[in-house]
Amino acid sequence: MGYKQFKISDDITLIQETGVANFMRCNIWHVRGRDFDLVIDTGMGLDSLKRWIMRHTDRPIKAIVTHCHFDHSGCLHEFDVRLGHPAEADILADPANEKIVYSGAWTRIAIIDPLQHPQFSSETYSVKAAPLTGYLDEGDVIDLGDKTYQILHLPGHSPGSIGLWDVKKKILFSGDALYDGALLDSLYHSNVNDYLNTLARIEALGVGVFHAGHYPSFGKQRMQDLIDQYRKGENSLVDVDEWFNSNEGELKDIFTDQDWSGFIASQNK
Ligand SMILES: [Zn+2]
């Protein structure tokens, strides 16, 4: 089956697509609420995410994309309620591959394991149109009945990047605004100044736990390291082609599991 999932807490489950390179593997967050569930980001769309999730809940589902990129928006079209930022509404309604950043080196790197997805082809891959059914923007609040999330507009990586902020529990679903890896700030619609402002904002929020768009979750100290490194110019992936060419020999063990043990241990303290 095309997904794996891991329980993060009583109401938060992490879902990941199988057979996707670990640096491209999107974190799909299933948040259980009293009145409805949230799915935050939807993977590349290699297999039906809705079918997977329906096996694990009988509540209504609202699907949210933190931004429009292909690794986050692939299964958005499957859901009846599709929420995202207005700045990326046009792209989601007409997701040309270049607009959702499935272009350049990403189409040449074998990010999909052919053993697990023999039908995948980079030449025919596309994401189905998923017009938003509602907008989420700065100041909006999503109320699940037993918890609320404030929507933060976090541009930089992309113009309509958003985060979901649980003020009570100090948990931020940060999308690709901040994750535990090299940040992408040179995409066609990235903006470095916006990124710096977004990171300054995140830094001041008082986040305890980051559930990001990629890589294992992390806490405050790691956040500070990542932001400090970015400000020094040491934590961004500027040229994907160059990175690909210089690492070609090493892009072998890319379908391995990620190591979440450190984060899980920190949660059980
Ligand atoms: Zn992205």
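The values are calculated or read from the model by the stated rules, or taken from the named source; none is laboratory data. For clarity, every value in this text was computed on a predicted model and none was experimentally measured. Cβ atoms come from the backbone with ideal geometry, glycine included; neighbour counts cover every protein chain shown.
A few notes on this one:
- Residue identified as among the charged types (D, E, K, R), modelled with pLDDT under 95 and more than 16 Å from the chain's Cα centre (by Cα) among E98, E138, E78, E123: E123
- The set of residues from the range 75-114 being among the small types (G, A, S) and under 19 Å from D37 (Cα atoms) comprises just one member, G84.
- Residues of the range 208-236 that turn out to be in contact with a Ser or Thr (Cβ under 8 Å, 6 or more places away or on another chain) and of a type outside the set (S, T, N, Q), as a count: 7
- Enumeration of residues in the range 184-213 that are within 24 Å of V240 (Cα to Cα), in contact with a helix residue (DSSP H, G or I) (Cβ under 8 Å, 6 or more places away or on another chain) and away from the ligand (no atom under 16 Å from the Cβ): L196
- If you go through the range 116-154 and keep only what is among the basic types (K, R) and in contact with a Pro (Cβ under 9 Å, 6 or more places away or on another chain), you end up with just K128.
- Listed here are the helices (runs of 4 or more DSSP H) enclosed by the range 57-128 that have at least 1 residues being within 14 Å of the ligand (Cβ to nearest atom) and among the aromatic types (F, W, Y): 70-73, 105-108.
- All conditions but one from (1) at pLDDT 95 or above; (2) within 13 Å of the chain's Cα centre (by Cα); (3) away from the ligand (no atom under 11 Å from the Cβ) apply to G181; the one that does not is (1).
- Filter result for S266 (hydroxyl-bearing (S, T, Y) and within 16 Å of the ligand (Cβ to nearest atom)): no
- Entry remark, the range 127-182: residues being among the basic types (K, R) and free of Cβ contacts under 8 Å to residues at least 40 places away in the same chain number 2 in total.
- Scanning the range 1-42 for residues that are touching a helix residue (DSSP H, G or I) at 6+ places or on another chain (Cβ under 6 Å) and closer than 14 Å to H117 by Cβ, we see that the one that is surrounded by the most Cβ atoms within 10 Å (Cβ to Cβ) is Y3.
- Looking across the range 144-170 at every residue that is hydrophobic (A, V, I, L, M, F, W, C) and in contact with a Phe, Trp or Tyr (Cβ under 8 Å, 6 or more places away or on another chain), the one that is surrounded by the fewest Cβ atoms within 10 Å (Cβ to Cβ) is identified as L144.
- Looking only at the range 82-125, and only at residues there that are surrounded by fewer than 15 Cβ atoms within 10 Å (Cβ to Cβ) and among the acidic types (D, E), the one that is farthest from I61 (Cα to Cα): E123
- Yes/no for T13 being touching a His at 6+ places or on another chain (Cβ under 7 Å) and either more than 16 Å from the ligand (Cβ to nearest atom) or of a type in the set (K, R) (or both): yes
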